[in-house]
1. Is at least one residue of the range 310-319 touching a residue at least 60 places away in the same chain (Cβ under 8 Å), of a type outside the set (Val, Ile, Thr) and either touching a Pro at 6+ places or on another chain (Cβ under 9 Å) or buried (at least 24 other Cβ atoms within 10 Å of the Cβ) (or both)?
2. Given the conditions (1) modelled with pLDDT under 95; (2) crowded, with 19+ Cβ neighbours inside 10 Å, and given that ALA142 satisfies all but one, which numbered condition is not satisfied?
3. Any idea how many residues of the range 197-240 are basic (Lys, Arg) and either in contact with an Asp or Glu (Cβ under 7 Å, 6 or more places away or on another chain) or part of a loop (DSSP other than H, G, I, E, B) (or both)?
4. When the range 151-165 is examined, which residues are found to be assigned to a helix (DSSP H, G or I) and of a type in the set (A, V, I, L, M)?
5. Go over the candidates ALA267, ALA281 one by one and state the one that is at pLDDT below 95 and farther than 30 Å from PRO371 by Cα.
6. Could you tell me whether any residue of the range 125-132 is in contact (Cβ under 8 Å) with a residue 40 or more places away in the chain and either surrounded by fewer than 24 Cβ atoms within 10 Å (Cβ to Cβ) or in the same structural domain as ILE17 (by TED's automatic domain parsing) (or both)?
7. Which of the following residues is surrounded by fewer than 24 Cβ atoms within 10 Å (Cβ to Cβ), basic (Lys, Arg) and modelled with pLDDT of 95 or more: ARG38, ARG42?
8. When residues of the range 176-192 are filtered for being touching a strand residue (DSSP E or B) at 6+ places or on another chain (Cβ under 8 Å) and either free of Cβ contacts under 8 Å to residues at least 40 places away in the same chain or aromatic (Phe, Trp, Tyr) (or both), how many remain?
Amino acid sequence: MASDFDVIIVGGGAAGIGAARNLARSGVGVILLEASLRLGGRAFTQDLGGYPLDLGCEWLHSGDRNAWVDIAEASGFPVDRTDPPWAKAHPGIAWDEDDEEAARKAFGDWEERLRAVAQGSDRASDALEPGGEWNAYVRAIAGFMSGVAPERISATDYVAYDDASTGQNWNLPLGYGTLVAASLPPSVVLRLATPVGRIELTADGVAVSTRAGTVRAKATILTVSTAVLAGDAIRLPPGTEPWRDAAAALPLGRNEKVFLEIGRDAAFEPDSHAYGNLRDARSAAYSIRPNGWPVIEAFLGGEGARILEEEGPAAGFARATAELGALFGSDVASTLRPFAATSWSRMASIGGAYSCALPGQSNARARLARPFEDRLFFAGEATHPFDFTTAHGAHDSGRRAANEALGALRARLPTGRFVRSA
């Protein structure tokens with residue numbers, strides 16, 4: 001493996017690829033080291049039965065200002081701007097319209113109370129109505145949004161994301177993960193299945209140790225998840241303890257998906273939505289026949305996702321089938337087959353879904369985003385001030401870290417001293 005570059009990028013998710021795209025345009029020599037066997041990180045599209053299913057991020061949130069939209073269209077990827085399925089409730093479900101309206105209102109009221117809580121305890125659970133009838137629903141939706149229970153959510157952090165969101169949610173029929181993985185510039189040297197064990201500062205840059213050898217460069221951009229960064233898988237230089245502490249204040253929540261295949265003709269309306277049980281904090285949200293495919297996607301967050309982490313995919317399939325049976329009738333079980341399930345929390349190279357600031361720790365995002373000694377730079381969705389939890393926030397953080405690295409390199413090197421290629 002060639003050992004001398006201008007910049008080493010650690011991590012091949014949306015942040016790493018965003019950084020690589022920016023650096024490649026500047027003509028510097030870049031190598032990207034990815035621990036797993038594929039690109040994309042938490043953006044992962046898997047073709048199952050001919051259907052490109054997004055096992056990770058799926059929606060172009062804030063699509064009207066999402067960098068991946070322009071990347072998609074420049075690359076020939078279609079973008080679906082129609083309303084997302086959760087805007088269209090499946091007709092004929094056995095549900096109470098008044099209860100649905102009351103539950104949604106309770107969630108909206110909770111979000112409004114978060115603004116006052118942000119000025120005090122900053123603990124989102126303090127915005128729950130004491131003994132509220134719909135608190136279980138609020139907990140479930142908060143789990144979808146943040147991956148953790150309200151007791152572990154910074155109200156300030158939650159409000160920052162909510163205020164910045166434009167509410168435009170678009171789709172990539174070929175898969176978000178497909179787009180992200182296809183977007184690495186060809187000039188960037190890629191090494192998959194190459195986990196990093198140690199990063200050291202040297203007299204003129206950095207040395208990154210892997211099982212395949214040591215790679216040297218003038219700077220490194222670290223884009224791994226906060227779970228990895230706060231752990232001991234990568235040894236960082238002395239003095240980076242505050243960065244590890246900041247990562248620990250931004251733990252990854254639990255969010256998982258279960259996919260069921262519709263095995264024979266059944267009365268499922270395409271591109272529609274259903275919610276499992278308004279009174280169960282572990283309930284799933286169901287995307288029914290997305291893009292017309294004979295598939296139902298169950299999305300679980302927080303306590304619901306814990307079922308898959310602790311009991312495995314069979315428990316997730318069983319729970320989703322039972323909830324769908326309660327909605328559509330008990331005979332629906334005979335039409336559904338287990339298809340796929342995720343296990344983000346069990347993946348050592350990632351360790352969960354997306355970051356959520358603990359109460360009183362929303363400033364950890366800015367602390368984590370700071371450069372270290374102008375040679376080690378940090379990116380990833382957790383470092384974005386308001387677009388955290390998203391692939392476009394990750395991308396933009398990578399672009400920001402790349403600009404920081406370029407600025408540091410230009411300050412240290414005479415013009416024309418970049419490696420450019422390897």
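1. The answer is yes; a qualifying residue exists.
2. (1)
3. In the first step, residues of the range 197-240 are kept if they are basic (Lys, Arg); the result is 198, 211, 216, 218, 235.
So of that shortlist, the ones also either in contact with an Asp or Glu (Cβ under 7 Å, 6 or more places away or on another chain) or part of a loop (DSSP other than H, G, I, E, B) (or both) come out as 211, 216, 218.
Of the residues in the range 197-240, 3 are basic (Lys, Arg) and either in contact with an Asp or Glu (Cβ under 7 Å, 6 or more places away or on another chain) or part of a loop (DSSP other than H, G, I, E, B) (or both).
4. First pass over the range 151-165, keeping only residues assigned to a helix (DSSP H, G or I): 151-152, 155-164.
Across the range 151-165, the qualifying residues are ALA155, VAL159, ALA160, ALA164.
5. Values: ALA281 fails: at pLDDT below 95.
Exactly one residue qualifies, and that residue is ALA267.
6. No, there is no match, as no residue in the range 125-132 is in contact (Cβ under 8 Å) with a residue 40 or more places away in the chain and either surrounded by fewer than 24 Cβ atoms within 10 Å (Cβ to Cβ) or in the same structural domain as ILE17 (by TED's automatic domain parsing) (or both).
7. ARG38
8. Residues flagged as touching a strand residue (DSSP E or B) at 6+ places or on another chain (Cβ under 8 Å) and either free of Cβ contacts under 8 Å to residues at least 40 places away in the same chain or aromatic (Phe, Trp, Tyr) (or both) within the range 176-192 amount to 1.
The values are calculated or read from the model by the stated rules, or taken from the named source; none is laboratory data. Treat the numbers as computed from the prediction; the structure is a model and nothing was measured. We place every Cβ from the backbone using ideal geometry, glycine too, and count neighbours over all the protein chains shown.
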